[in-house]
1. Only one of these conditions is not met by residue 81: (1) surrounded by fewer than 19 Cβ atoms within 10 Å (Cβ to Cβ); (2) modelled with pLDDT under 95; (3) closer than 20 Å to residue 110 by Cα. Which number is it?
2. Answer yes or no as to whether residue 117 is assigned to a strand (DSSP E or B) and modelled with pLDDT of 95 or more.
3. Mind telling me which of the residues 65, 28 ends up being under 22 Å from residue 118 (Cβ atoms), out of contact with any strand residue (DSSP E or B) (no Cβ under 8 Å at 6 or more places or on another chain) and either assigned to a helix (DSSP H, G or I) or at pLDDT 95 or above (or both)?
4. Report, by residue number, each residue of segment 120-133 that is assigned to a strand (DSSP E or B), over 25 Å from residue 47 (Cβ atoms) and free of Cβ contacts under 8 Å to residues at least 40 places away in the same chain.
5. How many residues does segment 37-55 hold that are assigned to a loop (DSSP other than H, G, I, E, B) and crowded, with 20+ Cβ neighbours inside 10 Å?
6. Taking into account only those residues within segment 101-119 that are farther than 19 Å from residue 55 by Cβ, in contact with a strand residue (DSSP E or B) (Cβ under 9 Å, 6 or more places away or on another chain) and free of Cβ contacts under 8 Å to residues at least 40 places away in the same chain, which is surrounded by the fewest Cβ atoms within 10 Å (Cβ to Cβ)?
């Protein structure tokens, strides 16, 4: 196992920023195997304004996104690299997603992700998000790292 990653190390491994950064701390990491990360859910999250004003619930898709971000950190750590402007870590599939309990402000979402296999640059993971030992969400995730064109190449021709 390697050391815990704080928010500064997380920012080196993910290109996500507020309001889309959904991992606050990594508490366990086994290169090439698994990661356990934490998302502290607070009432200050922007999605709670509309989901739902009378009973704030973290959207399930964001729980899955949090699992994918933890998976991204695990992959970057395993590859020995960090996030940069020349690549993007994309979702390529989500299977067997299930939501078992609502996640509300004040909850601490524990994100547990294991690598199932790596084939042709596609990483497959088993992910589970829990609150106080109860499963909130689980899914099989598939992601890939893709190189992108430099920013100047993406500008329209004049």
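The values are calculated or read from the model by the stated rules, or taken from the named source; none is laboratory data. On a predicted model such as this, the values are computed, not experimentally measured, just so you know. Note that we place each Cβ from the backbone using ideal geometry, even for glycine, and neighbour counts take in every protein chain shown.
1. (3)
2. Details: assigned to a strand (DSSP E or B): yes; modelled with pLDDT of 95 or more: yes.
Judged against the criteria, residue 117 is a match.
3. Working: 28 fails: out of contact with any strand residue (DSSP E or B) (no Cβ under 8 Å at 6 or more places or on another chain).
The unique qualifying residue is 65.
4. 122, 124, 126
5. The initial filter retains those residues of segment 37-55 that are assigned to a loop (DSSP other than H, G, I, E, B), namely 41-45, 50-55.
Still in the list and also crowded, with 20+ Cβ neighbours inside 10 Å: 41.
Residues meeting the conditions: 1.
6. 117
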